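Read the structure below first, then the notes.
The values are calculated or read from the model by the stated rules, or taken from the named source; none is laboratory data. Please read all numbers here as calculations on a predicted model, not as lab measurements. Here the Cβ positions follow ideal geometry from the backbone for every residue, glycine too, while neighbour counts run over all protein chains shown. Only protein heavy atoms, including side chains, enter the accessible area calculation; ligands, DNA and RNA are left aside. Shrake-Rupley method; radii C 1.70, N 1.55, O 1.52, S 1.80 Å.
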Amino acid sequence: MIRATQVRGQHRWDDPPADTIVLDFDDRHRRRMAMAGTRGLEFLLDLENAVALRGGDALVLEDGRLVEVVAAPEPLVEIRGSDPQHLVRVAWHLGNRHLPTQIAGRGLRIRRDHVIEAMVKGLGARLIEIEAPFDPEGGAYAGDGHAHAAGETHDHASHAHSPHDHAGHHHDHGHHHAHDHGHDLQHDEHCEHDHHDGHPHAHEDK
């Protein structure tokens, strides 16, 4: 089985990919794992160290071909505060629990967790259930998770532990627009497509 031994970060490659691999957040942080692309290419991810992959990265096969990484949509909760100061307060509590957290536009995104959701509600924040790729911030403990072969580096760290380190900077890491729905979400299949931009579908948890 052919191996993928290097990673090229976002915007650092422009050759057409030989295939696309759709991975959720957990599977985007691996060192060695057998993988199959959406068009049937099978290969072995075999990196020197575990690397936090992001949507838009490319895995480099031994023969030089590239496999594009697409972040799979997964069930998330978007947290909205009454004002920036309120959101920073919520972010501090999430960071105090070392919870992977994504900063997205006007809110924070976390994976579904009923205990954490109850805590956030208790802090007066509003919750919106969405399905979108999860791309959490890198925290102070993460280090440079994208140190690659051949001097390749990445601008983001490997794992989010302390979102309060970043809470003052509201970056939107994806072009995602939440749409309100009046029904529960049911989305169990990975979205197998060849583009980066997911469009989360959401409904408010009142």
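Of note:
Let's see how each residue does on (1) at pLDDT 95 or above; (2) out of contact with any Pro (no Cβ under 9 Å at 6 or more places or on another chain):
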site	(1), (2)
Gly9	no, yes
Gly40	yes, yes
Leu44	yes, yes
Gly55	no, no
Glu74	yes, no
Ile79	yes, yes
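- In the range 88-104, the qualifying residues are those that are on the phi < 0 side of the Ramachandran plot and open to solvent by 10 Å² or more (accessible area, probe 1.4 Å), and the one that is farthest from the chain's Cα centre (by Cα) is Arg89.
- Selection of first residues in the range 12-27 that are among the acidic types (Asp, Glu) and of second residues that are open to solvent by less than 40 Å² (accessible area, probe 1.4 Å), restricted to Cβ pairs under 7 Å at least 6 apart or on distinct chains, gives the following pairs, ordered by first then second residue: Asp15/Leu66; Asp19/Gly37; Asp19/Leu41; Asp19/Val67; Asp24/Ala72; Asp24/Glu74.
- Subset of the range 23-51 that is under 12 Å from Glu68 (Cβ atoms) and open to solvent by 20 Å² or more (accessible area, probe 1.4 Å) - its residue that is nearest to the chain's Cα centre (by Cα): Thr38
- The set of residues in the range 95-140 that are in a strand (DSSP E or B) and basic (Lys, Arg) comprises Arg109, Arg111, Arg126.
- For the range 60-82, a residue qualifies if it is open to solvent by 70 Å² or more (accessible area, probe 1.4 Å) and either part of a helix (DSSP H, G or I) or among the acidic types (Asp, Glu) (or both), and the qualifying residues are Glu62, Asp63.
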